[in-house]
Amino acid sequence: MSRDLIPEVSRTPEGLDGVVWNVLGQVYIPKEITDERFTWYAVFPEETFVPPHTHAEQDEYLMPLDGEIDVLIGGKRGVVRRGEVGHLPRGIPHAFFNNSGKPVHALFWATPAGRLVELYRKLHNIGSPGKAVAIAPSCGVVFDPPVSSAA
């Protein structure tokens with residue numbers, strides 16, 4: 001993806017209408033919501049791990065603004081470094097991990113927007129990974145292997 005296609009978002013953590021979502025310790029700040037695209041600024045604390053999951057409805061992209069994010073896409077490991085764009089394709093399981101030893105700030109966007117906004121609203125301040133995994137399929141995201149909903 002060429003840099004001129006990167007959504008017009010800033011490094012500042014100011015979201016739409018002051019919205020900030022806390023998703024299991026990760027900070028997601030919506031920057032743009034249209035039918036075609038949902039863009040958000042994310043802060044991943046050290047050792048953040050988002051387990052393997054699949055988006056049925058959208059392609060997802062990430063660009064670290066600092067540090068790097070380890071990714072697993074369709075069973076293949078890789079690293080997306082500061083300023084690079086990583087593609088997490090729909091229908092292919094992917095996971096990511098902040099193994100950098102410090103918080104990582106990144107831009108994410110999904111196209112089309114699908115139901116991710118609804119999902120993040122539902123996950124805001126949720127208490128456990130198991131509950132998040134149980135809610136996710138209602139918004140087109142499936143974790144694999146599933147985590148116990150009792151977690």
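The values are calculated or read from the model by the stated rules, or taken from the named source; none is laboratory data. Here the structure is a predicted model, which means the values were calculated and not measured. Note that each Cβ is placed from the backbone with ideal geometry, even for glycine, and that neighbours are counted across all protein chains shown.
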Looking at the range 60-78, which of its residues are over 11 Å from the mean Cα position of the chain (by Cα), touching a residue at least 12 places away in the same chain (Cβ under 8 Å) and assigned to a strand (DSSP E or B)? Pro64, Glu68, Ile69, Asp70, Val71, Leu72, Ile73
So Ile92 clears everything in (1) aliphatic (A, V, I, L, M); (2) touching a strand residue (DSSP E or B) at 6+ places or on another chain (Cβ under 8 Å); (3) farther than 23 Å from Val19 by Cβ; (4) without any contact (Cβ under 8 Å) to a residue 24 or more places away in the chain except one condition, right? Which one? (4)
Of all the strands (runs of 3 or more DSSP E) wholly in the range 79-132, which have at least 1 residues that are over 19 Å from Ile29 (Cβ atoms)? 86-88, 94-97
Determine which single condition Asn98 fails, assuming it passes every other condition in (1) out of contact with any Asp or Glu (no Cβ under 8 Å at 6 or more places or on another chain); (2) at pLDDT 95 or above. (1)
Just give me the residues in the range 120-136 being more than 26 Å from Val79 (Cα to Cα) and either free of Cβ contacts under 8 Å to residues at least 40 places away in the same chain or out of contact with any helix residue (DSSP H, G or I) (no Cβ under 6 Å at 6 or more places or on another chain) (or both), in sequence order. Arg121, Lys122, His124, Asn125, Gly127, Ser128, Gly130, Lys131, Ala134, Ile135
Return the residues of the range 99-112 that are more than 10 Å from the chain's Cα centre (by Cα) and either aromatic (Phe, Trp, Tyr) or under 19 Å from Thr34 (Cβ atoms) (or both); say none if nothing qualifies. Thr111, Pro112
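Residues checked against (1) more than 23 Å from Thr34 (Cα to Cα); (2) of a type in the set (Lys, Arg); (3) over 14 Å from the mean Cα position of the chain (by Cα):
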{"site": "Gly86", "(1), (2), (3)": "no, no, no"}
{"site": "Phe97", "(1), (2), (3)": "yes, no, no"}
{"site": "Gly114", "(1), (2), (3)": "no, no, no"}
{"site": "Pro129", "(1), (2), (3)": "yes, no, yes"}
{"site": "Asp144", "(1), (2), (3)": "yes, no, yes"}
Taking the range 69-81 and keeping residues of a type in the set (D, E, K, R) and surrounded by 15 or more Cβ atoms within 10 Å (Cβ to Cβ) leaves Asp70
